[in-house]
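All of the numbers you see were taken from the coordinates with simple rules; none came from a lab. Computed from a predicted model, the values in this text were never measured in an experiment. So basically every Cβ, Gly included, is an ideal-geometry build from the backbone, and we count neighbours across all protein chains shown.
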């Protein structure tokens, strides 16, 4: 057993001259649920395709379950589950036929579990795939990815077209599967509230690099928004080292810092003789702060 | 003794991490007397599946509460509310209480109460909670 389910080191991926992934390093231990968060075009899907051996890295190494992702054998692929962003399956097959067809590729398929999921998500077994709604197609793709209880489950925007009830079912199934602490899950999403509920860890991606990768709790404990109010106007030169975003309006400033501490707050209080309020931020707010214009002064 | 009435609620999209929300709720339940020494807390697995959250989050909250001495691991029972230990000198324990009384005093002054009126509130609260 290797320590990491996913071990990406200095991964670079270029399409022609366009660099999509620029030196990505990401190590995910077994048993963790990690959310991958990033804007469209940040490189999430490209990273996921490299993990699955669907794209060949320009340079760097990508290892999943201890094997080079580009050279995965059937035995390893049977331990993986994947839900793509866009689901395309044979439109003329019925739901039941598709499940039977796909399960035949796996020696480790769990029929009772896949039937349970089909029932839970109320999928019409005798309907053809083609006319199913987008949400139903995505549910079916989830059943197909979960049916063999994969050791490593990778999902690219799995909940984008699910309604809130189905999303909740889906999150519960993920938690249920991961509750033995042997299954590893990586899912990319835009919906931060889902990630906040189930993920223990979060990887934030921006412009082809991982900006942050740690426990979600650590991120929330450390990233804070400070509101400063001083007796006289703050100077043009006002800045806080390492700040993610600084906004100054006369005697008021808003500074978002990546790791707030009482020492930092005391220091700022003394240095600018300021009253400081410290605000907690949720994941969406942190994400927005990381993508905001870094500084703005208006006096 | 399992308390089925024990209800936790979490808000995943709050800026406060979920494990801290759980810690705050246990602390409040103990402070409010809804949890007393010897009461068993739900298991990590039950909490996680009931609230639909990651098990690591619950075990982290329980572990932190164990570290601060509010909970203790009991063989066969899981996590139970610990009997409070009177550690530290009187001065140290008074210093722990100070921030809470400061809040109460400031609020009392804001409400326009006199010193003796504030002290009356403290005295009556002491009478309510002292059982020995």
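For the protein assembly as shown, would you read off the P(r) tail past 41 Å as a percentage of all alpha carbon pairs? Numbers along the way, then the final one.
Details: 28603 of 92665 pairs.
More than 41 Å apart: 31 percent of the Cα pairs in the protein assembly as shown.
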Worksheet item: Considering chain B as a Gaussian network with a 10 Å cut-off on Cα pairs, which listed residue, B:107, B:20, B:75, attains the greatest mean-square fluctuation?
Response: B:107
Response to the item:
Computed from every Cα-Cα pair in region B:90-129, P(r) in 5 Å bins starting at 0 and rounded to whole percents is 6, 22, 23, 27, 18, 4, 0
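Relative contact order for region A:155-213 using alpha-carbon pairs under 8 Å, separation at least 6, rounded to a whole percent?
Numbers: 40 pairs, mean separation 19.6, N = 59.
After rounding, I find 33 percent.
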Practice prompt. Please give, to one decimal in nm, the separation of the simple spin-label points placed at residue B:115 and residue B:85, each 7 Å out from Cα toward the Cβ.
Written response: 3.9
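Output needed for region A:183-232: three equivalent-ellipsoid semi-axes, defined as square roots of 5 times the C-alpha gyration tensor eigenvalues, in descending order, whole Å. Mind dumping the intermediate values first?
On the way: eigenvalues 161, 37, 21 Å².
Gyration-tensor ellipsoid for region A:183-232: 28, 14, 10 Å.
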Worksheet item: What is the helix-to-structure angle for A:111-120, meaning the angle in degrees between its Cα long axis and the longest Cα principal axis of chain A, kept from 0 to 90 and rounded to the nearest 10?
Response: 60
Discussion item. Tell me the mean residue ellipticity at 222 nm calculated for chain A from its helices only (DSSP H runs of n ≥ 4, each -39500 (n - 2.57), averaged over every residue, nearest 500).
Written reply: -9000 deg cm²/dmol
Worksheet, complete the sentence: Bridge orientation stat for chain A from DSSP, antiparallel percent rounded to 5, came to 65
Fill in: Between 0 and 90°, nearest 10: helix B:115-129 axis offset from chain B longest Cα axis
40
Item to complete: For each of A:256, B:7, count neighbouring Cβ atoms within 10 Å of the residue's Cβ, then give the residues from fewest to most.
Response: B:7, A:256
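Grab the beta carbon distance between residue A:12 and residue A:108, set R0 = 51 Å, and tell me the FRET efficiency rounded to 0.05.
On the way: r = 34 Å, r/R0 = 0.67.
The formula returns an efficiency of 0.90 here.
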Worksheet item: Which residue fluctuates the most in chain A, going by a Gaussian network model with Cα springs under 10 Å, if the choices are A:93, A:78, A:177?
Response: A:93
Fill in: Distance between modelled label sites at residue A:85 and residue A:179, nm, 7 Å Cα→Cβ extension
3.3
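Could you work out Rg/(2.2 N^0.38 Å) for chain B, with Rg from alpha carbons only? If you can, show how the numbers build up before the last one.
Numbers: Rg = 17.6 Å, N = 132, 2.2 N^0.38 = 14.1 Å.
Taking the Cα Rg and dividing by 2.2 N^0.38 Å, one obtains 1.25.
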Discussion item. Give me Rg/Rg_expected for region A:223-298, where Rg uses Cα atoms only and Rg_expected = 2.2 N^0.38 Å with N residues.
Written reply: 1.02
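Can you tell me how region A:1-72 classifies by the Cα gyration tensor, rounded, prolate or oblate, using a/c under 1.5 as the rounded cut? Can you show the working numbers first?
On the way: a/c = 2.13, a/b = 1.38, b/c = 1.54.
Oblate, because a/c is 1.5 or more while a/b does not exceed b/c.
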Practice prompt. Quick one: among A:56, A:17, A:251, which has the greatest mean-square fluctuation in a GNM of chain A with alpha-carbon springs under 10 angstrom?
Written response: A:17
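Highest mean first, what order results for B:8-16, A:195-203 on Cβ atoms within 10 Å? List each step's numbers first, then the result.
Working: B:8-16: 16.6, A:195-203: 24.3.
Listed from highest to lowest mean packing, they are A:195-203, B:8-16.
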Discussion item. For chain B, take the longest principal axis of its alpha carbons; what is the angle in degrees between that and the long axis of helix B:18-31, to the nearest 10 within 0 to 90?
Written reply: 50
Fill in: Debye equation applied to the C-alpha atoms of region A:4-219, log10 I(q)/I(0) at 0.11, 0.17 Å⁻¹
-0.51, -1.23
Worksheet, complete the sentence: The relative contact order of chain B, taking Cα pairs under 8 Å that sit 6 or more residues apart, comes to a percentage of 20
Worksheet item: With N residues in region B:18-81, what two-decimal value do you get for its Cα radius of gyration over 2.2 N^0.38 Å?
Response: 1.02
Worksheet item: Using the Cα gyration tensor of region A:151-299, with a ≥ b ≥ c the square roots of its eigenvalues, what is the shape: rounded (a/c below 1.5), prolate (a/b larger than b/c) or oblate (neither)?
Response: prolate
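Please report the relative contact order for chain A, taking Cα pairs under 8 Å with a sequence separation of at least 6, and give it as a percent rounded to a whole number. All intermediate terms of the calculation are to be shown ahead of the outcome.
Details: 565 pairs, mean separation 57.6, N = 299.
Result for chain A is 19 percent.
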